[in-house]
Each structure stands twice: as C-alpha cells, then as structure tokens.
1. Show me, for the stretch 134-145, the HN-Hα J-couplings you get by feeding each phi into the Karplus relation (A = 6.51, B = -1.76, C = 1.60, θ = phi - 60°), rounded to Hz, glycine and proline as x.
2. By average Cβ neighbour count within 10 Å, what is the ranking of 25-36, 143-154, 56-67 from highest down?
3. Over all alpha-carbon pairs of the stretch 1-89, lay out the pair-distance distribution in 10 Å bins, whole %, shortest bin first.
4. Using just the helices of the chain, give the 222 nm mean residue ellipticity in deg cm²/dmol: DSSP H runs with n ≥ 4 each add -39,500 (n - 2.57), and the total is spread over all residues, rounded to 500.
5. What ranking of Thr52, Thr15 emerges when the number of other C-beta atoms within 10 Å of each C-beta is taken as an exposure proxy, fewest first?
6. Report, in debye and to the nearest 20, how large the dipole of the chain comes out about its Cα centre when Lys and Arg carry +1 and Asp and Glu carry -1 on their Cβ.
7. Just to be sure I understand, if you calculate Cα extents along the principal axes in Å for this structure, which of (i) 52, 30, 27; (ii) 41, 36, 30; (iii) 53, 48, 29 do you get?
8. Rounded to the nearest 0.05, what FRET efficiency is calculated for His129 and Thr96 with R0 set to 22 Å and r the Cβ-Cβ distance?
Amino acid sequence: MNPADLLTETTDALTSIFAAMTIAEEEIEAAQDRHPHAADRIWRSFTLLTATSDLLTRNELVYRSHCRELLDRVAGEADTRPGTAAECCVALCEVTLRTPVTTSAAGLYARMWQKAGLPATALGDMSVHYEALEADAIDTHERELRARLRKADRCLDD
C-alpha cells in the first residue's frame, strides 16, 4: 500500500471513530438530563458504548439507539450485557440478506425495530400483525437473540 492510500485509510478510520465518540458523548449528556438521579453512573459509562459491529456505527440513528438503550439500563441499574435492540436489528439485517426468514423472525425484526425507535417503515407497521400471529415465538426469539449478542465484558465497573 502506498503512503497516500495508507494516510487516506487511516484518516477515514479516525474520522469514523471520532464521530462515534461525539455521538456517545451527546447521548451521555442527554441520558444525564433524562436520569439526573444516575448522572454519575451514566458519566462513567462511556466504555459501554463501544460499537459491536461496523453496521452499528454506519447509521447514526442505529448507533444512537444502541447508546440510549445501554444508558437507560445504566440509569435503571439493569444488566448492560445482553444485546440491545439496535444490535438485534443489525444481526437480523445480516440474516435477512442471506436467507428467507420465518414469520416469527420477521416479527422479531419488526419488534426490535420499534424498540430501537428507528424510523417508521413497512416492517414496523406490520408489527401488530406479526405479534398477533407469533407473539410467544417472538418472545422466545428475542430472549435467545439478546443472549447470543451478550457481551460478557460490557459492565460498568463500580
């Protein structure tokens, strides 16, 4: 690789990292406003907001959703290790690109999309129908997917 290409590649990588850091800091400030009782814990949670997938940071809305969910868990003193709704959406996106999915899997995708607070789409609009047909299976799939996406080291050090 020539030096110009290396410099461009490094600059692009650093730009992406700094953009994610800026978003994480903005979400920390917003979470402190939402949860003043947990402001200190939230302030110390920056390291929890590391993106677990390149797709997570490619879309600002998805990454912000990921950060918000983790910060809300911190505020509520909930377990931060299970996958977030945004992480579930990323995983399901990758699955749907490779293989057809069942009704319950599509329902899970719709549920996670809504829980992540992502913009309205036809998928999200179908959530009510999927839930009516497959709610129990969707519940099971959600527990399993969040467990599979669990990050054992994503804990706030007290």
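Since every read-out is calculated from the coordinates, none of them should be taken as a lab result. Note that the structure is a prediction, hence the values are computed from the model and not measured. Using ideal geometry, Cβ is built from the backbone for each residue, glycine included, and neighbour counts are taken over all protein chains shown.
1. 9, 3, 5, 5, 5, 4, 4, 4, 4, 4, 5, 5
2. On the way: 25-36: 15.7, 143-154: 13.7, 56-67: 19.4.
Descending mean neighbour count gives 56-67, 25-36, 143-154.
3. 17, 45, 24, 10, 4, 0
4. -22500 deg cm²/dmol
5. Details: Thr52 17, Thr15 10.
By the 10 Å Cβ count, ascending: Thr15, Thr52.
6. Using Cβ point charges on Lys, Arg, Asp and Glu, the chain gives about 300 debye.
7. Computed from the coordinates, Cα extents along the principal axes in Å corresponds to (iii).
8. Values: r = 17 Å, r/R0 = 0.79.
It comes to 0.80.
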